[in-house]
Amino acid sequence: MTEDNRFLQVYDLLYRFFGPQEWWPGDTRFEVVVGAVLTQNTNWSNVSKAINNIKNNGLLSFEALLALPIDDLATLIRPSGYFNIKARRLKNLLLMIEQRYQGQLDLLLQDHLMTGRMNLLSVQGVGPETADSILLYAGNHPIFVVDAYTHRIFSRHQLLADECDYDSIQESFMSALPLESALFNEYHALIVRLGKEYCRKSKPRCECCPLNGV
């Protein structure tokens with residue numbers, strides 16, 4: 001890495017400004033996986049309510065959710081929004097793990113990174129961001145998670161093109177940074193923090209942004 005690596009410079013600025021984010025919230029790897037599906041198109045406070053519903057009913061395990069009727073699952077996760085769709089997506093994911101990994105989440109997370117990613121992406125309703133979140137945060141694989149905040153922030157600072165897709169953004173980060181899961185974990189969390197508090201879609205707080213001048 002060189003001193004003019006702007007991706008590392010941005011990381012250093014954000015880390016010094018915000019400190020460690022301690023992502024991803026979840027007591028177990030299975031909880032992280034469930035959260036990765038439920039967080040689609042909603043905020044974490046809503047996901048937390050849905051996961052607490054599952055916990056309070058003693059159902060936060062692979063076996064319990066796999067056996068749970070889909071309508072009952074949808075009712076439990078209602079706070080996360082789009083609950084019928086997410087219930088199907090979560091069921092699809094559990095069925096893939098049952099069929100390809102003998103129902104053992106650990107086997108998925110221990111699989112070769114690209115094989116596990118391909119299997120996750122084969123699940124209807126699981127896109128690159130969800131798949132990579134599972135691989136990074138539950139599996140500790142060194143793969144960078146890209147979201148809307150990433151494109152917004154880095155295109156505004158002319159580190160990414162205005163028109164670029166998920167794969168090209170991910171490649172930009174992974175080619176510029178050490179391939180370390182801990183670094184990717186912290187960097188993504190810091191990007192989300194910056195996007196929520198400063199680099200907003202409308203009315204961004206540029207004058208007091210920690211990246212002001214980058």
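Before moving on, here are some points about what is shown:
- Within the listed set Tyr137, Tyr101, Tyr187, the Gaussian network model of the chain (springs between alpha-carbon atoms below 10 Å) gives the highest mean-square fluctuation for Tyr101.
- When peptides 34-40, 106-112, 81-87, 200-206 are sorted by average Cβ neighbour count within 10 Å, with the highest value leading, the order is 34-40, 81-87, 106-112, 200-206.
- With contacts taken as Cα pairs under 8 Å and at least 6 residues apart, region 29-138 reaches a relative contact order of 30 percent.
- Cα-Cα over 28 Å, subset of Lys91/Lys203; Lys49/Lys91; Lys49/Lys196; Lys86/Lys196: Lys91/Lys203
- Both radii were evaluated on the Cα set of region 108-199; the Rg over Rh quotient, with Rh as the Kirkwood radius, amounts to 0.97.
- Using the Cβ-Cβ distance between Met174 and Gln124 with R0 set to 35 Å, the FRET efficiency works out to roughly 0.85.
- Alpha carbon centroid spacing (whole Å) that separates region 141-214 from region 19-94: 26 Å
- Under the shape rule built on the C-alpha gyration tensor, where the axes satisfy a ≥ b ≥ c, region 29-138 is prolate, since a/c reaches at least 1.5 and a/b is greater than b/c.
Just so you know, all these numbers are worked out from the coordinates, no wet-lab data involved. It should be emphasised that the depicted structure is a prediction, and the values quoted were computed from it without experimental measurement. Here Cβ is always computed from backbone atoms with ideal geometry, including for glycine, and neighbour counts include all displayed protein chains.
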